[in-house]
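Asker: The structure's right below; bear with me while I get my questions together.
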Amino acid sequence: MRKKTEGFEVLEVNEDNETGARTFIAVHSTALGPGLGGIRLFHYRENTYGCEPEKAAEKDALRLARAMTYKASMAGLMLGGGKSVILADPDELGAEERKGLFERFGRAIESLGGDYIAAEDVGTTEKDMESARKTTRFVTGVPGEAGDPSPVTAFGVLRGMQACALHCFGSESLKGKTVAVQGVGSVGFSLASLLAKDGAKILAADTDGKKADRAEKELGAEIVEPREIIEQECDILSPCAFGEVINRETVKKLNCRIIAGAANNQLESPEMGGELFRKGIVYAPDYAINCGGLISVANEKVVTGTPYDRGEVMERTEKTFNRVLDILERSSKEGKPSNEIADRIAKERIERERKGKSREA
Ligand code: NAI
């Protein structure tokens, strides 16, 4: 069922007949190209973001789609913004049931004719992408192509973090710096591995005890209680778990100089960027620093028409350093929060391309 939503090109809400899962596909903008963004499989509980599970899932699909538009624009890609959410409890889906769900969801993606291109996201795997690929061409991240984007995302976050360090401490080196990593899942663990190689001291927290143990054993991370990670005294806080980590409650407890992490929508509202700025905390806007994964999946043949090129992906992701540094320098010069500067840069590029296109037409 198509739902008209102000400011968005598409919001498609359906129910999967076999599993009862509610599905949401949002396309924010195709001004620069098709809306590429992950499929999130998540069991939203009552009161997530203070609303019913369905509202929370819809809210996430919409705002994550908008963030993808800005992320693609900031990364210099000819792509728009899209995102999808499947509201279901992954623990209650058997392997066959899950395969069927993604095959049927692939048909919904196909019906949009390429305006939305799917990828892996929180709760979904390469295998799920393979299932969806059975019924739609418009899916990236299948085995044998770009694969798991997380290590590329982690590399981009590291480069962005180093740009923050240069801006804040006068050197990009993270040696001896204390970095608190919230969530050592796919991106967080890869990032922590890179940080360990760079000689940083790592504090880590994860609600999944096994993941925390792995970070402790393999990387020598000091493990902290999940609810306490935000307030740790550290040089850099790196949110790599979920959104809205910086909110009215947590902003008072922060004990860091820099916030630089992979999570999408780290700020509960844009005003939180202002709060951070006033407190003198350097914030690397989430979509400017976590675009490596998008750059990776956007390099797949379904998007470019040419074979995946890892070298090009790493080269483009490396530029995260300069992009983040530019945002921070403008933020200091203009006396404005970094999230405001990033939004302006992303919107200006979309406008420029839009005008260029209308001149060509
Ligand atoms: P993941 O699901 O592999 O890792 C998230 C980790 O956070 C899990 O280990 C989970 O147990 C942990 N966690 C959940 N709640 C927590 C809490 N309250 N405290 C501490 N840990 C908690 O997900 P992934 O792929 O690593 O993504 C992490 C974040 O980065 C997400 O917000 C995602 O949207 C974002 N992101 C991921 C990209 C990628 O390439 N995978 C690309 C861009 C953004």
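Asker: Condition check: among the aliphatic types (A, V, I, L, M), over 30 Å from THR207 (Cα atoms), modelled with pLDDT of 95 or more and more than 12 Å from the ligand (Cβ to nearest atom). Does LEU158 satisfy that?
Answerer: no
Asker: On to the next question. Limited to region 105-164, what total is found for residues that are of a type in the set (D, E, K, R) and under 21 Å from CYS291 (Cα atoms)?
Answerer: Counting residues in region 105-164 that are of a type in the set (D, E, K, R) and under 21 Å from CYS291 (Cα atoms) gives 7.
Asker: Same structure again: Can you list the strands (runs of 3 or more DSSP E) found entirely within region 11-126 that contain at least 1 residues being surrounded by fewer than 22 Cβ atoms within 10 Å (Cβ to Cβ) and touching an Asp or Glu at 6+ places or on another chain (Cβ under 8 Å)?
Answerer: 22-29, 35-42
Asker: Can you pull out the residues in region 315-327 that are among the hydrophobic types (A, V, I, L, M, F, W, C) and either surrounded by fewer than 24 Cβ atoms within 10 Å (Cβ to Cβ) or under 17 Å from the mean Cα position of the chain (by Cα) (or both)?
Answerer: Residues satisfying the conditions are PHE321, VAL324, LEU325.
Asker: How many of the residues making up region 169-192 are buried (at least 18 other Cβ atoms within 10 Å of the Cβ) and assigned to a helix (DSSP H, G or I)?
Answerer: Here the count works out to 7.
Asker: A follow-up question, please. Do we find a residue being under 27 Å from TYR49 (Cβ atoms), more than 19 Å from the chain's Cα centre (by Cα) and in contact (Cβ under 8 Å) with a residue 60 or more places away in the chain anywhere in region 296-314?
Answerer: No, there is no match, as no residue in region 296-314 is under 27 Å from TYR49 (Cβ atoms), more than 19 Å from the chain's Cα centre (by Cα) and in contact (Cβ under 8 Å) with a residue 60 or more places away in the chain.
The values are calculated or read from the model by the stated rules, or taken from the named source; none is laboratory data. The structure presented is a predicted model; accordingly, all values stated were derived computationally and were not measured. Because the Cβ atoms are built from the backbone with ideal geometry, glycine has one as well, and the counts that use them run over all protein chains shown.
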